[in-house]
Amino acid sequence: MSLLALGINHKTAPVSVRERVAFSQENLNQALQDLASRPDVTEAAILSTCNRTELYCDLAVADDKIIVDWVQQFHALRTEELRPYIYSHPDQLAVRHMLRVASGLDSMVLGEPQILGQMKQAFSAASEAGTIGKLLGRLFQHTFSVAKQVRTDTQIGASPVSVAFAAVNLAKQIFSDLNSHTALLIGAGETIELAARHLYENGIGRMIIANRTLERAQLLANEFHGFAVALTEMPHHLAEADIVISSTASPLPILGKGAVESAIKARKHKPMLMVDIAVPRDIEPEVDELEDVYLYTVDNMQEIIDEGLRSRQEAAKQAEEIIDTQVTHFMGWLRSLNAVATIRSVREHAERLAQLELEKTRQLLANGGNVEAALQQLARNLTNKLMHNPSARLKQAGFDGRMDIVDAARELFDLKDLDL
């Protein structure tokens, strides 16, 4: 058997290549079965995301050309269109790579958690396609366990490394429990969508989404159980908001000091967090002069993100140490498989001898033999037959000066502490 992890990702290939090598949900089952039907491919799984496509295989021969040729054929690619972008990790390096990917150490955003869910989906798809066996099955389960340990034992995912994450982290620091608070999100672009997702996952009590195009606001509101309003209606809802996150493409501020001051009065001076991540700014800088308002701009957010990235990089060092240990554990299990056939043969040999001696003892007892004498003879004969060949081999090893065999026997039978 030979493990292999082979693929391309955001570091090795541009999106124009990655999109040509991607597998859709519609063709994934067919691809897996076709791959596993190839000679020398024993097991196979495919991970395909916007940032990476990777194939994990157990091969009868250590040759990645088998997999490269299949990918080229499946996607109708020429060698020069694919080969320059591919990385290939055999055996122990394949194990290490899978553990690092699942733990978020190989992601575009260090420590991001989505990749673990995507890897679990890849395992499920391969299981449904019938292309997962004992080896990859064990490797995937080990991978999931290690990724969970990395999340539990390090701070790899705790610190914010995106503007949206940083904004929601700030809200949690100021308000602690978000389920009794209201968030007003202004805009409906990618950053606001991420902020909405983070707020929803952290249990925000109520969410209002204001956008120039009401239909777009409604789509986001439906996804995260929020309430959509047109941008022109936004000032009427400002006083309801404990948290305001704004990111529009407006060339001029859409929230002035006067509007925020009125909202604070209506709120009876309950504190309000305002995060302006638009460039140009959506919220007038003078708003920062108001009491009971915590205003953060994109520059403040960048400082938080930089600090979060430093924290994740430190956590990544701890994660790599965990992975080093767990790679060793898995490779130990893999090597132990080589002894399974020998163990089985030894046990079968011992059981055959035991059955022969047991039958002799039964006949002896059936003929009226003494029970105690019969049992002693059974034990003596079985011991002699079990030990005859090993004893002869050890004697010959001593004669030949093969002390490595003698030492191995002492270790095998746990005789190290006994006197020679």
Quiz item: How many residues are touching a residue at least 24 places away in the same chain (Cβ under 8 Å), part of a helix (DSSP H, G or I) and of a type in the set (D, E, K, R) if we restrict to the stretch 273-300?
Solution: 2
Practice problem: Can you tell me which residue among Glu348, Glu303, Glu307 is surrounded by 11 or more Cβ atoms within 10 Å (Cβ to Cβ) and either free of Cβ contacts under 8 Å to residues at least 24 places away in the same chain or part of a strand (DSSP E or B) (or both)? | Solution: Glu303
Quiz prompt | Conditions (1) out of contact with any Leu (no Cβ under 9 Å at 6 or more places or on another chain); (2) exposed (fewer than 11 other Cβ atoms within 10 Å of the Cβ); (3) of a type in the set (A, V, I, L, M); number of the one not met by Leu375 | solution = (2)
Exercise. Please state which of the following conditions Glu43 fails to meet, knowing it meets all the rest: (1) over 30 Å from Ala315 (Cα atoms); (2) out of contact with any helix residue (DSSP H, G or I) (no Cβ under 9 Å at 6 or more places or on another chain).
Key: (2)
Self-check item: Only listed residue being hydroxyl-bearing (Ser, Thr, Tyr), at pLDDT 95 or above and over 21 Å from the mean Cα position of the chain (by Cα), chosen from Ser336, Ser262
Solution: Ser262
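The values are calculated or read from the model by the stated rules, or taken from the named source; none is laboratory data. A quick note: this is a predicted structure, and the numbers were derived from the prediction, not measured. Backbone-built Cβ (ideal geometry, glycine too); neighbour counts: all protein chains shown.
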